[in-house]
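**Q** There's a structure below that I have some questions on.
The values are calculated or read from the model by the stated rules, or taken from the named source; none is laboratory data. Being a predicted model, the structure only gives us computed values, none of them experimental. Here Cβ is always computed from backbone atoms with ideal geometry, including for glycine, and neighbour counts include all displayed protein chains.
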Amino acid sequence: MNKLLENILQRHVIANILMAVFIVGGLLSAQSIRQEVLPTTQSKTVQISVAFNGAQPAEIETAILLPIENAVRGMDGLKKVQGVAREGLGTVTLTLLRSANPNQMLGDIKNAIDRIETFPVDAEKPVVSIPAEIEKVMSLVVSGDQPLLWLRQTAENIRDDLLTEKGLTKVQLAAPGEQEITAEISEKTLRAHGLSLEDVALRIRDTAQDLAGGTIYTPQVDIGLRTNERREWAHQFSNIIIKETATGLPLRLSDIATLQDGFGNSPIESWYNGKPAIQIDIFTAGVETPTSVEEVVRDYLPGAIRKYKGVSLDIFENDAQTYRDRLSLLIDNAFLGLVLVMIVLALFLTPRLAFWVMMGIPTSLLGGLMLLPLFGATINEISLFAFIVTIGVVVDDAIMLGEAIHTNRSKGMDNLSAAVEGLKEMGVTILLAVSTTMLVFMPMFFIPKPMGTMMEQIPAVVVSVLLVSLIECLFVLSTHLAQGNPQRPWLKTLSRPQERVNAWLENFTRETFRRFVRTILLRPTAILCLALSLLFITFSATVGGMIGFIFTPPVQSDTVIAHATLPYGSPKAQSIAIQDKMVKDAQAVFAESGMRTPGIFSLIGVRLDEGEIESESLAGSHYISALAALPPEDERVINGIEFARQWQERFGDPGGLEALTFTGETNVTGGEPIQIELFHPDEAVAREAALKLGERMRSVAGLTAIDDGLRAGKPELKIKLKDNALQMGLTAGDIARQVRHRFYGAEALRISRNGNDVKMMVRLPEKERQQRSALDHALIKTPGGSLVPLTELVTITSERSTTTLTRRDGKRIYPVTADIMIGASDDAVEDVLDDRLVPQILAEYPGLTVKFAGDEEETDGSMEILGNGFFITLCIIYILLALRFNSYVQPLLVLSVIPFACIGAVWGHILMGYDISIISIIGILAMSGVVVNDSLVLVTAYNRFRMQGVPHVRAITEATCSRLRPILLTTLTTCLGLTPMMLETSEQAQFLIPMAVSIIFGLAFGTFIVLCLMPVLLRLFGLKKMPSMKQYPSVEQRYPANKYD
């Protein structure tokens, strides 16, 4: 064995090449690995959307959602099926199992949907897709006092320009609204010429198309035939002949209709700083980075401003700037932490040993960067923080090996022999220590998405870096330390501070610390009871409410978003007035605070969710949103949360709103903080229960924006055929189609124009469509060609529909949602719901089923997976330790320090003013790996002394004193590496600070526990009997028995 190790350690060229591979490979990988602000959520869902214009939610549920649910029912790989019916749109979201292949499932689902034959004739073709995994970098806003169609065309031209720029792959308009060509014909004109809307639409469809006419096969050449009647703009349809008049003259479309290009019935309108605007979203794809995309856009803008007169072009929501700021922040903290770690190493280790241990830091970090793509990770805020976490951890194994080699050299061994003995002594221990550290991070790989997408970056980085660190330590570091030690006079001068520090530490260990260890070993039971008391007090403080729990810590946003919702069906003019007041009040807050205004984007018709436009799900002119971008952090007078408070205070309550929220923080999980889903076989009971639960939740302190999901929708008129209608040869479909054409319009055709799908609609004028009395005077054309009043053919009843209907796993549910106020405790609010409100509702409505969804569902799932994963990890670590120690008890002693180390993490949060969150818990997991390693090293040293025949208590004392130095070094390097981040005051770092608090305070207290409690545990449960082994002859002389034994 010695010969093999000597042969390996003498090959320093291979060690240098290996180190160069890690460094160069990491630098090259940094150029190609994907860069983003936060990890892009990898979707495990398939979405099916079917548009059915004019249809109410109940009709959407019956005609769209139920057939889709039946088609996919029982399909392998599905975890959850959720459908939402809104006016004109049905959406079904299929959540896949973690093991399912999304692309394969997409094909199977498309095939299942294609087999559905019961969709309404007027419904659009189903769109089946996997939500795109791309990140928006910035928006470019095109604004100006110009007609909306002209703005739209300009925005499309700019979009096309950007797509031709090298370095941009995906650019699209945000919520553009559907373009339409409209032909409006009055009822009077139609009657005068004996026409219906469907007649006109059919004539246009037959005329305005390019159709292939076949081929003439002449002897010389084949000649294709094609009609060329394609039209793209409204004025081009004016000369279409609809029919001949009684005098034989052609009746053209322009004679009876008003033609115009526009956006039809789209409810969406947007403004930028009060002017009409169109937003262009720009994304990264592949190896594009936020900064590279920003550079391309900024280079393009000067030319575009000169080219497109009459509009303003402004960059809005620039995540590239956020990425640059956060990258700089993290790199600065990493550099400062690295400097502190190097200072500690230089003070405690010899210059040569300190140098090669320090070299292991960049080698391990760059080598880990080289391996990072294997785990699917990217360079982002979370992974950069994980690199900071590893700065102090990667030197732990190097310190253990370096200390062992240094000790052997101090005994008179030459460099090579000292390195060989050090590897034999500590190699397995280092391998075990690194393995346990990697194992405690493994459960983070299995946290459910979307939180799991972010958190899996941490174990990916840690495992990558520690794998390289292990190789570097065992092969590179040991090889360099095995080489000769040339005499350099200047090293003696450099080593004087280190010699003084070591002399002080050795004196402290020999005198003060040794006496301390001997004292606590005299009273082991009392020390153990004291530790258990501290654990009990900490547990009581946690469950007693002294510290709160939130799933994710609040994250200050660079933008403040305001949402307002009017009653369904409110006039568009009222929404515009609310939007205008929002913008003016935001501008007033900027003026009062003295901050400049980067820009305020507002819109009606859809909601803004975290700055993204929810064009697919929430549409209607009763939705109003405004987004105020804040200036860079160093220019802010107030933060986002305070800006939101002042904005809401100034806006007040204008009355008539169903919902109003202002938020200046980001929800990183993407779900509703509180979402309770109710189901009952009797839908009337479920509705009543949802209304009552929502009413009671309004009285709970800490809850805001409560929505019982039962907002009244539009008044709905239901039509039922009379017997005489059937006698005239009319069917329900005939009447429904003619009524639909009268109020929605008849679609003539669709054309592709500038990449857009544009409808040609034939409608009655807006005034004739907006009057309820028009239905009573409507005439229906019978199969015989006669016109009969609608009221003679049907009975009309009135009721009110709901705005949305929600289904989950084949059942109609009634979701009640709410937000938790800033500063309120998640635990306190959820306790009120769990312990009081929900049990009351269940007692009042037998048969009711209540399910918590939203953030709480994700919290429960994440905590369960983390708990189960950590338990499995502990079992694996126990098995590894049991194999190493050949003992059942000692692995338990090593693992027992984890709960005691948590004492420090909890009180650290109390001291620093943070609530416990899942970020904190992940920090506790990371801290657990380090304290387990410290305990492992101490117990290994104890066993080594016992193997040499040292008495039980003396072995504990010697092991504890001999391990003081490396344990202190590992603690100092890890804690100091993270201290700059923990003390960071920037709002951009607040999300990550709780993890640093857990690691620093937990590890600091955990080190004290290892050095105090572990000796006590060994005293009570260690190897009291001398193991059967060869006795070293000098044992009794070196370690004579005394009163402590």
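**Q** Assess whether residue 253 counts as being of a type outside the set (Lys, Arg) and buried (at least 16 other Cβ atoms within 10 Å of the Cβ).
**A** Considered against the rule, which asks whether it is of a type outside the set (Lys, Arg) and buried (at least 16 other Cβ atoms within 10 Å of the Cβ), residue 253 comes out as yes.
**Q** State whether the residues of the range 108-123 include one that is at pLDDT below 85 and within 26 Å of residue 752 (Cβ to Cβ).
**A** Yes: the range 108-123 contains one or more residues that are at pLDDT below 85 and within 26 Å of residue 752 (Cβ to Cβ).
**Q** Related question: Being modelled with pLDDT of 90 or more and hydrophobic (A, V, I, L, M, F, W, C), is that true of even one residue in the range 540-556?
**A** no
**Q** Could you pull out the residue among 27, 65 that is within 30 Å of residue 358 (Cβ to Cβ) and modelled with pLDDT of 85 or more?
**A** 27
**Q** So residue 958 passes all but one of these: (1) surrounded by fewer than 23 Cβ atoms within 10 Å (Cβ to Cβ); (2) modelled with pLDDT under 90. Which condition number does it fail?
**A** All conditions are met except number (2).
**Q** Would a scan of the range 971-986 turn up a residue that is in a helix (DSSP H, G or I), at pLDDT below 90, over 28 Å from residue 502 (Cβ atoms) and of a type outside the set (Val, Ile, Thr)?
**A** Yes: one or more hits.
**Q** Identify all residues within the range 553-584 that are among the hydrophobic types (A, V, I, L, M, F, W, C) and closer than 16 Å to residue 268 by Cβ; write none if there are none.
**A** Going residue by residue through the range 553-584, those that are among the hydrophobic types (A, V, I, L, M, F, W, C) are 555, 560-562, 564, 566, 573, 576-578, 582-583.
Residues satisfying the conditions are 564, 566, 573, 576, 578.
**Q** Do any helices (runs of 4 or more DSSP H) lying entirely in the range 377-487 carry at least 1 residues that are in contact with a Cys (Cβ under 6 Å, 6 or more places away or on another chain), and which ones are they?
**A** Numbers: elements: 381-410, 415-441, 451-455, 457-471, 478-481.
Of the helices (runs of 4 or more DSSP H) lying wholly inside the range 377-487, those with at least 1 residues that are in contact with a Cys (Cβ under 6 Å, 6 or more places away or on another chain) span 381-410.
**Q** Oh, and also: If we keep just the residues of the range 151-173 that are in a helix (DSSP H, G or I) and out of contact with any strand residue (DSSP E or B) (no Cβ under 8 Å at 6 or more places or on another chain), which is farthest from residue 604 (Cα to Cα)?
**A** 164
**Q** Go through the range 632-658 and give me each residue that's surrounded by 15 or more Cβ atoms within 10 Å (Cβ to Cβ) and aliphatic (A, V, I, L, M).
**A** Selection gives 638, 641, 644, 657.
**Q** Only one residue in 8, 33, 14 is under 23 Å from the mean Cα position of the chain (by Cα), at pLDDT below 90 and among the aliphatic types (A, V, I, L, M). Which one?
**A** 33
**Q** Tally time: how many residues in the range 869-886 are in contact (Cβ under 8 Å) with a residue 60 or more places away in the chain and closer than 25 Å to residue 944 by Cα?
**A** Total meeting the criteria: 5.
**Q** Kindly indicate the residue of the range 68-92 that is part of a strand (DSSP E or B) and over 14 Å from residue 811 (Cα atoms) and also modelled with the lowest pLDDT among those meeting that condition. Write out each step before concluding.
**A** Of the residues in the range 68-92, the ones part of a strand (DSSP E or B) are 78-86, 89-92.
After this cut, where a residue has to be over 14 Å from residue 811 (Cα atoms) as well, the list is 78-79, 86, 89-91.
Values: 78: 88, 79: 86, 86: 83, 89: 87, 90: 90, 91: 92.
Looking at the filtered set, the residue picked out is 86.
**Q** Residue check, residue 287 against (1) buried (at least 18 other Cβ atoms within 10 Å of the Cβ); (2) modelled with pLDDT under 80; (3) of a type outside the set (Asp, Glu), all met but one. Which one?
**A** Among (1) buried (at least 18 other Cβ atoms within 10 Å of the Cβ); (2) modelled with pLDDT under 80; (3) of a type outside the set (Asp, Glu), the lone unmet condition for residue 287 is (1).
**Q** How about the range 235-257: which of its residues are touching a residue at least 40 places away in the same chain (Cβ under 8 Å) and within 49 Å of the chain's Cα centre (by Cα)?
**A** Once the filter is applied, which keeps residues that are touching a residue at least 40 places away in the same chain (Cβ under 8 Å) and within 49 Å of the chain's Cα centre (by Cα), the range 235-257 yields only 237.
**Q** Only residues that are acidic (Asp, Glu) and over 24 Å from residue 233 (Cα atoms): list them for the range 123-152, please.
**A** 133, 135
**Q** Name the residue that is farthest from residue 624 (Cα to Cα), counting only residues in the range 160-188 that are surrounded by 17 or more Cβ atoms within 10 Å (Cβ to Cβ) and within 25 Å of the chain's Cα centre (by Cα).
**A** Among residues in the range 160-188 that are surrounded by 17 or more Cβ atoms within 10 Å (Cβ to Cβ) and within 25 Å of the chain's Cα centre (by Cα), the one farthest from residue 624 (Cα to Cα) is 168.
**Q** If you don't mind, another one. Mind counting the residues in the range 55-103 that are closer than 17 Å to residue 119 by Cα and either of a type in the set (Val, Ile, Thr) or free of Cβ contacts under 8 Å to residues at least 40 places away in the same chain (or both)?
**A** 11
**Q** Name the residue that is nearest to residue 690 (Cα to Cα), counting only residues in the range 861-895 that are exposed (fewer than 14 other Cβ atoms within 10 Å of the Cβ) and modelled with pLDDT under 85.
**A** Of everything passing the filter in the range 861-895, 864 is nearest to residue 690 (Cα to Cα).
**Q** Hey, another quick one. Anything in the range 637-660 that is of a type in the set (D, E, K, R), at pLDDT 85 or above, over 14 Å from residue 561 (Cβ atoms) and out of contact with any Asp or Glu (no Cβ under 8 Å at 6 or more places or on another chain)? List them, or say none.
**A** Listed by number, the residues that qualify are 642, 649.
**Q** Okay, next question. Limited to the range 601-631, what total is found for residues that are at pLDDT 75 or above and either of a type in the set (A, V, I, L, M) or in contact with a Lys or Arg (Cβ under 7 Å, 6 or more places away or on another chain) (or both)?
**A** Number satisfying all stated conditions: 13.
**Q** Now a separate question. Quick check on my filter: what residues within the range 114-164 are closer than 16 Å to residue 278 by Cβ and aromatic (Phe, Trp, Tyr)?
**A** 150
Okay, residues lined up against (1) touching a Gly at 6+ places or on another chain (Cβ under 9 Å); (2) small (Gly, Ala, Ser):
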{"residue": "517", "(1), (2)": "no, no"}
{"residue": "539", "(1), (2)": "no, no"}
{"residue": "567", "(1), (2)": "yes, no"}
{"residue": "599", "(1), (2)": "no, yes"}
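**Q** If only one of 586, 564, 577 is outside any loop (DSSP other than H, G, I, E, B) and over 31 Å from the mean Cα position of the chain (by Cα), which one is it?
**A** After applying the criteria, what remains is 577.
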